[in-house]
């Protein structure tokens with residue numbers, strides 16, 4: 001599967017460490033699983049990372065990451081967000097792919113689908129959020145569809161997510177959340 005045996009380990013922790021310090025209720029924690037994923041990063045080398053998601057979605061994420069690896073679509077890294085002290089902004093700034101994070105949708109009092117492990121963010125640096133008022137997160141980043149690691153509506157990975165019943169944030173009406181995928 002790989003050109004050589006080199007695999008850089010970005011994350012290799014246990015489930016209990018991956019959820020350590022989360023204030024999510026047990027009924028959510030009990031539904032989560034930690035999956036191992038392989039991907040090529042921007043260095044062109046194979047990497048091993050991990051994502052925490054709702055157990056019902058593990059097969060979808062596994063299949064999508066097989067496609068990501070096959071296409072050699074570069075992924076910054078995939079490290080459970082506990083390593084960023086549950087801070088979404090820090091994870092995004094580090095170009096981290098993340099799933100579960102018990103938090104609210106920014107600027108609201110509503111739980112994010114990340115809080116249920118039913119959302120995944122991939123390459124936030126290449127695929128930032130663009131708010132209605134023009135703010136961008138992570139700050140200072142730009143969306144350029146021609147750059148490596150960037151999603152577009154007709155990208156095979158976006159199409160694969162949609163085929164599995166996921167929604168892509170690039171199709172949201174009010175904001176463009178290009179790195180965000182969710183399955184309600």
Has the stretch 86-100 got at least one residue that is without any contact (Cβ under 8 Å) to a residue 12 or more places away in the chain, out of contact with any strand residue (DSSP E or B) (no Cβ under 6 Å at 6 or more places or on another chain) and within 24 Å of residue 23 (Cα to Cα)?
yes
Which of the residues spanning the stretch 45-62 are in contact (Cβ under 8 Å) with a residue 24 or more places away in the chain, surrounded by fewer than 15 Cβ atoms within 10 Å (Cβ to Cβ) and more than 15 Å from residue 78 (Cα to Cα)?
55, 56
Do we have any residue at all in the stretch 137-160 that's touching a strand residue (DSSP E or B) at 6+ places or on another chain (Cβ under 9 Å), modelled with pLDDT under 95, under 28 Å from residue 44 (Cβ atoms) and not in a loop (DSSP other than H, G, I, E, B)?
yes
Of (1) out of contact with any helix residue (DSSP H, G or I) (no Cβ under 8 Å at 6 or more places or on another chain); (2) closer than 18 Å to residue 184 by Cα; (3) at pLDDT 95 or above; (4) not in a helix (DSSP H, G or I), residue 109 satisfies all except one. Which?
(3)
Answer yes or no as to whether residue 135 is out of contact with any helix residue (DSSP H, G or I) (no Cβ under 9 Å at 6 or more places or on another chain) and either surrounded by 18 or more Cβ atoms within 10 Å (Cβ to Cβ) or on the phi < 0 side of the Ramachandran plot (or both).
yes
Checking the condition in contact with a helix residue (DSSP H, G or I) (Cβ under 6 Å, 6 or more places away or on another chain) and in contact (Cβ under 8 Å) with a residue 40 or more places away in the chain, which residue from 121, 177 passes?
177
Filter the stretch 161-174 down to the residues that are in contact with a strand residue (DSSP E or B) (Cβ under 7 Å, 6 or more places away or on another chain) and touching a residue at least 12 places away in the same chain (Cβ under 8 Å) and list them by number.
161, 166, 167, 168, 169, 170
Please verify whether residue 100 is under 11 Å from the mean Cα position of the chain (by Cα) and part of a loop (DSSP other than H, G, I, E, B), treating the condition exactly as stated.
yes
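The values are calculated or read from the model by the stated rules, or taken from the named source; none is laboratory data. Source: prediction; values computed, not measured. Note that we place each Cβ from the backbone using ideal geometry, even for glycine, and neighbour counts take in every protein chain shown.
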